[in-house]
Amino acid sequence: TIKKVKGHEILDSRGTPTVAATVELSDGSSAWAAVPSGASTGTHEAAELRDGDSGRYHGKGVLKAVHNIDKELAPMLLDMPANDQLTADQTMMALDGTPNKSRLGANAILAVSLALSRAVANSKGVSLFRSLNQLGGYLLPVPMLNILNGGKHAVDSTDFQEFMIMPVGAPTFGEALRMSTEIFHTLKSILRKRWLSTNVGDEGGFAPSLGSNAEALELILQAIEQAGYQPGSDCFLALDAAASELYHDGKYVLEREGRTLTSAELIEFYEKWVADYPIISIEDALFEDDWEGWQLLNTKVGNKVQLVGDDLYVTNIQRLEQGITCRTSNSILIKLNQIGTLSETIAAVDLAHRNDWTTVISHRSGETEDTTIADLAVALGAGQIKTGAPSRGERTCKYNRLLAIEAELGTEARFAGKSAFKHLK
Ligand code: PGA
Ligand code: ZN
């Protein structure tokens, strides 16, 4: 049973406070978990509770959320069975009582939810990915590495938020990480030769000031080739436009290119890019409530590229159901703190998989050293993980955790590789 639950205020990778929790069980097992925080957050995400007390951390403290863990969640969970994650999560949701967890804070609830799952794994004496596994097999995910950061994650960079690489042709996760890291370092030398900045953005990718979004793709393609790999077979490109951030008064503003596009024009823009570049995945191509635009985009390019909804679905089952019914895309980004419990996160992944949608388990731009998403990706057979460039400790800890899982599994480990995209014609 659950013996002790305690909240903590800690810092994320941007130096902004975030919530962590410790859970202790009656058999003496215990665990800690921490919650990340986004910058380009979706409107429909579960609520992140912040103090708003300008005398501390410019209003961004999380002592209220920590207080809610200690004074409300802890007494409620005391003596409850530890190995019933669903009941624990539902109890916390009921105690909160709001649809978006705004009373106690999704950050408070998620910290406890994750710490509990880790404490249970410790109590069983197994790794978290084994403890959470329901499938039998173990699939190592293809990493989606954000090697060029723009949008809200880097000042004076590109309009689109993330330019990523996916080493789908690698035979193992370890080889995929090596390939990607070589491409990352090659990109650095290409940028340097052109006197472009090689400082990194929030997710560890370079953040040069470029004249257009296409220039970012050209530079990355060059890096893939110069590193000795074949774009379009060894390694593909992936984008996160984070289009909700570009959307103003019914139009999409591409500031760097001095262009303003309608939804239909932006869709044409993507069609051209998909024809011209080896792009395998586009996330948040359109803004979070442009359901018709997404539908149109999906009919035009959905059989060629993975279309990932992040702000569109916010890991929320109801929004995902609407997406499945309306065929707005073919893939969902999974972020634990968008919804606020482990159980709801797993339910969203299951629903997506049952409908032949792909899932990408994702970090946030504000991260911690918590590596839960690495274990979760393997446990659920997600097939893909997005956790930044191979740079900055809060990003590399997830990749390093996957290396450790691969080593622990030995010959049992399978790498998703191209099979992650078998739905694409
Ligand atoms: P965020 O960005 O964590 O700042 O929301 C990540 C993403 O949009 O995928
Ligand atoms: Zn996104």
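A Cβ distance below 7 Å, combined with a sequence gap of six or more or placement on separate chains, defines the contacts here; from segment 396-417, residues that are charged (D, E, K, R) reach residues that are open to solvent by 40 Å² or more (accessible area, probe 1.4 Å) in the pairs Glu406/Thr172; Arg414/Gly137. Do we find a residue being within 17 Å of Pro143 (Cβ to Cβ) and in contact with a helix residue (DSSP H, G or I) (Cβ under 7 Å, 6 or more places away or on another chain) anywhere in segment 192-203? Yes, segment 192-203 has at least one match. Of the residues in segment 89-106, not one is within 28 Å of Ala242 (Cα to Cα), buried (at least 17 other Cβ atoms within 10 Å of the Cβ) and β-branched (Val, Ile, Thr).
Every residue in segment 331-367 that is part of a helix (DSSP H, G or I), open to solvent by less than 10 Å² (accessible area, probe 1.4 Å) and closer than 19 Å to Asp284 by Cβ, please. The answer is Gln338, Thr345, Ala348, Val349, Ala352. Answer yes or no: is there a residue in segment 166-186 that is at positive phi, surrounded by 21 or more Cβ atoms within 10 Å (Cβ to Cβ) and part of a helix (DSSP H, G or I). For segment 166-186, residues at positive phi, surrounded by 21 or more Cβ atoms within 10 Å (Cβ to Cβ) and part of a helix (DSSP H, G or I): absent. Every condition in (1) within 12 Å of the chain's Cα centre (by Cα); (2) among the basic types (Lys, Arg); (3) surrounded by fewer than 24 Cβ atoms within 10 Å (Cβ to Cβ); (4) within 24 Å of Gln85 (Cα to Cα) holds for Arg401 except the one numbered (1).
Residue pairs whose Cβ atoms lie under 9 Å apart, sitting 6 or more positions apart in sequence or on different chains, and linking a residue in segment 280-297 that is in contact (Cβ under 8 Å) with a residue 60 or more places away in the chain and within 13 Å of ligand 1 (Cβ to nearest atom) to a partner that is open to solvent by 10 Å² or more (accessible area, probe 1.4 Å) and part of a strand (DSSP E or B), are Ser281/Phe236; Ser281/Thr358; Glu288/Tyr247.
Only residues that are open to solvent by 20 Å² or more (accessible area, probe 1.4 Å) and either within 16 Å of ligand 1 (Cβ to nearest atom) or under 30 Å from Tyr247 (Cβ atoms) (or both) were counted in segment 55-82, giving 3. Annotation: Val155 fulfils all but one of (1) among the β-branched types (Val, Ile, Thr); (2) modelled with pLDDT of 95 or more; (3) closer than 17 Å to Asn213 by Cα; the unmet one is (2).
Which residues, taken from segment 13-35, are open to solvent by 10 Å² or more (accessible area, probe 1.4 Å) and under 20 Å from Leu104 (Cα atoms)? Once the filter is applied, which keeps residues that are open to solvent by 10 Å² or more (accessible area, probe 1.4 Å) and under 20 Å from Leu104 (Cα atoms), segment 13-35 yields Thr16, Thr22, Trp32. Candidates are the residues of segment 404-422 that are in contact with a Leu (Cβ under 7 Å, 6 or more places away or on another chain) and among the charged types (D, E, K, R); the one that is surrounded by the fewest Cβ atoms within 10 Å (Cβ to Cβ) is Arg414. Taking strands (runs of 3 or more DSSP E) as the structural unit, no element lying wholly within segment 229-279 holds at least 3 residues that are more than 16 Å from ligand 1 (Cβ to nearest atom), open to solvent by less than 40 Å² (accessible area, probe 1.4 Å) and touching a Lys or Arg at 6+ places or on another chain (Cβ under 6 Å). Checking every residue in segment 165-188 against the condition of being in contact (Cβ under 8 Å) with a residue 12 or more places away in the chain, of a type in the set (Phe, Trp, Tyr), in contact with a strand residue (DSSP E or B) (Cβ under 7 Å, 6 or more places away or on another chain) and within 16 Å of ligand 2 (Cβ to nearest atom) gives zero matches. Residues that are polar (S, T, N, Q) and closer than 15 Å to Ser30 by Cα within segment 86-138 comprise Ser113, Ser117, Asn122, Ser123, Ser127, Ser131, listed in sequence order.
Considering only residues that are open to solvent by 10 Å² or more (accessible area, probe 1.4 Å) and within 25 Å of Ile220 (Cβ to Cβ), look in segment 299-326 and name the one that is nearest to ligand 1 (Cβ to nearest atom). Lay out the reasoning, then the answer.
As a first pass, look at segment 299-326 and keep what is open to solvent by 10 Å² or more (accessible area, probe 1.4 Å): 299-300, 302-304, 316-319, 321-322, 324-326.
Applying the additional criterion that residues be within 25 Å of Ile220 (Cβ to Cβ) yields 300, 302-304.
Working: Lys300: 23, Gly302: 20, Asn303: 24, Lys304: 22 Å.
Per the criteria, the residue is Gly302.
Within segment 218-240, the residues that satisfy the criterion of being over 22 Å from Ser331 (Cα atoms) and not charged (D, E, K, R) are Leu219, Ile220, Leu221, Gln222, Ala223, Ile224, Gln226, Ala227, Gly228, Tyr229, Gln230, Pro231.
Filter segment 115-152 for residues that are at pLDDT below 95 and either open to solvent by less than 10 Å² (accessible area, probe 1.4 Å) or within 16 Å of ligand 2 (Cβ to nearest atom) (or both) and give the result.
Initially, segment 115-152 is screened for residues at pLDDT below 95, giving 133-137, 149-152.
Asn149, Gly150, Gly151, Lys152 - these are the residues of segment 115-152 that are at pLDDT below 95 and either open to solvent by less than 10 Å² (accessible area, probe 1.4 Å) or within 16 Å of ligand 2 (Cβ to nearest atom) (or both).
Note on segment 381-398: residues that are on the phi > 0 side of the Ramachandran plot and open to solvent by less than 50 Å² (accessible area, probe 1.4 Å) amount to 3.
Tell me yes or no: at least one residue of segment 36-47 is within 16 Å of ligand 2 (Cβ to nearest atom), in a strand (DSSP E or B), among the hydroxyl-bearing types (Ser, Thr, Tyr) and within 16 Å of Asn107 (Cβ to Cβ). Scanning segment 36-47, I find at least one residue that is within 16 Å of ligand 2 (Cβ to nearest atom), in a strand (DSSP E or B), among the hydroxyl-bearing types (Ser, Thr, Tyr) and within 16 Å of Asn107 (Cβ to Cβ), so the answer is yes.
Of the candidates Lys60, Lys101, the single residue that is under 25 Å from the mean Cα position of the chain (by Cα) and on the phi > 0 side of the Ramachandran plot is Lys101.
The values are calculated or read from the model by the stated rules, or taken from the named source; none is laboratory data. Values in this document were obtained by computation on a predicted structure and should not be read as measured data. Virtual Cβ from ideal backbone geometry, glycine too; neighbours counted across all protein chains shown. Remember, those area values only see protein heavy atoms, side chains included, never the ligands or the DNA or RNA. Shrake-Rupley method; radii C 1.70, N 1.55, O 1.52, S 1.80 Å.
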